[in-house]
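Engineer: One structure, pasted below without further comment.
The values are calculated or read from the model by the stated rules, or taken from the named source; none is laboratory data. Values in this document were obtained by computation on a predicted structure and should not be read as measured data. With ideal geometry, Cβ positions are generated from the backbone for all residues, glycine too; neighbour counts draw on all protein chains shown.
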Amino acid sequence: MSRKSKLFVTILSGLLPAAAAVLYFGKSTKGGKLGKVVHKKKRNRIARERLLLAAASKLFASRGYEGTTTREIAARAGCSEGLIHRYFKSKAGLMRAIMRSEVSQEVVDLHESFPLAFTVGDEIIQLVNWEVDSMWENREFLRIVIPRALLDPTLRQTSKKIGPLQQAKTIGERLRKFKECQALADQEIDTLAQFVSVLGFMFGFVRPLVLGQDRKVAKKMATTIAGMMALSFQISRDIIRRPEITRN
């Protein structure tokens, strides 16, 4: 690069740093050194966000939402407290981010760990058992989120959008793959998906944790109810296949 060109880049750098860097390196930001720097910063942000989410989850579970400060979260994560406000705006924003992360991971785990069952009845039972186990595994987080959602309208709206509704949507998508469900209206599928979700919450969280019922007994009750629902699909399918049953 000539002396005049370097001088031009130096002047330009005070006005348009990114453009000057592109001229100097002779490459676009996508493939040049500047692009690598941006990519590295993005990776660092993702890593720090995960550290903050993990730290906040543990502290919220052990000390409660009100008993945890952003300074303590940052210290546990090994990050600056200012990053919490930069990435999540506030402690409440951090709580909402944890909720999104939890729900997203649950959906991923469902698809990866539980292949679609052979029949819709088996799928309903499988989904109910998955919901029950998920609620129990997330019981400490739910103990914090539920009371907080009652006090925080924003968190309540977030819970509504990404909590049960997101899970019900995922369940409905799986159920629609079965022939028996394809004949149902969307509202009926959504109702069935909500039914599965409610069973999981009731028998995976409320009964064992709030009411003190033995967890194995609670889960068995949920499986029994799911089996009754599955049986109704089996009977309906038999009636469709053998119409003469209705005449007897």
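Engineer: Do we have any residue at all in region 48-69 that's over 24 Å from Val210 (Cα atoms), at pLDDT below 90 and in a helix (DSSP H, G or I)?
Structural biologist: Within region 48-69, none of the residues are over 24 Å from Val210 (Cα atoms), at pLDDT below 90 and in a helix (DSSP H, G or I).
Engineer: From the list Val196, Val217, which residue is surrounded by fewer than 18 Cβ atoms within 10 Å (Cβ to Cβ) and on the phi < 0 side of the Ramachandran plot?
Structural biologist: Details: Val196 fails: surrounded by fewer than 18 Cβ atoms within 10 Å (Cβ to Cβ).
The match here is Val217.
Engineer: Here is a further query. For Lys177, only one of the following conditions fails: (1) in a helix (DSSP H, G or I); (2) at pLDDT 90 or above; (3) closer than 17 Å to Phe114 by Cβ. What is its number?
Structural biologist: (1)
Engineer: Okay, next question. Here are some conditions: (1) free of Cβ contacts under 8 Å to residues at least 60 places away in the same chain; (2) part of a helix (DSSP H, G or I); (3) buried (at least 16 other Cβ atoms within 10 Å of the Cβ). Cys79 meets all but one. Which one does it not meet?
Structural biologist: Only one criterion is unmet by Cys79, namely (2).
Engineer: Right, another one. Do you know which residues across region 78-92 are under 24 Å from Pro147 (Cβ atoms) and of a type in the set (A, V, I, L, M, F, W, C)?
Structural biologist: Matches in region 78-92: Ile84, Phe88, Ala92.
Okay, residues lined up against (1) in a helix (DSSP H, G or I); (2) modelled with pLDDT of 90 or more; (3) within 24 Å of Met95 (Cα to Cα); (4) aromatic (Phe, Trp, Tyr):
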{"site": "Ile146", "(1), (2), (3), (4)": "yes, no, yes, no"}
{"site": "Leu150", "(1), (2), (3), (4)": "yes, no, yes, no"}
{"site": "Ala168", "(1), (2), (3), (4)": "yes, no, yes, no"}
{"site": "Lys219", "(1), (2), (3), (4)": "yes, yes, no, no"}
{"site": "Phe233", "(1), (2), (3), (4)": "yes, no, no, yes"}
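Engineer: Among what's in region 91-118 and is exposed (fewer than 15 other Cβ atoms within 10 Å of the Cβ) and at pLDDT 90 or above, pick the residue that is farthest from the chain's Cα centre (by Cα).
Structural biologist: Once the filter is applied, the top-ranked residue is Phe118.
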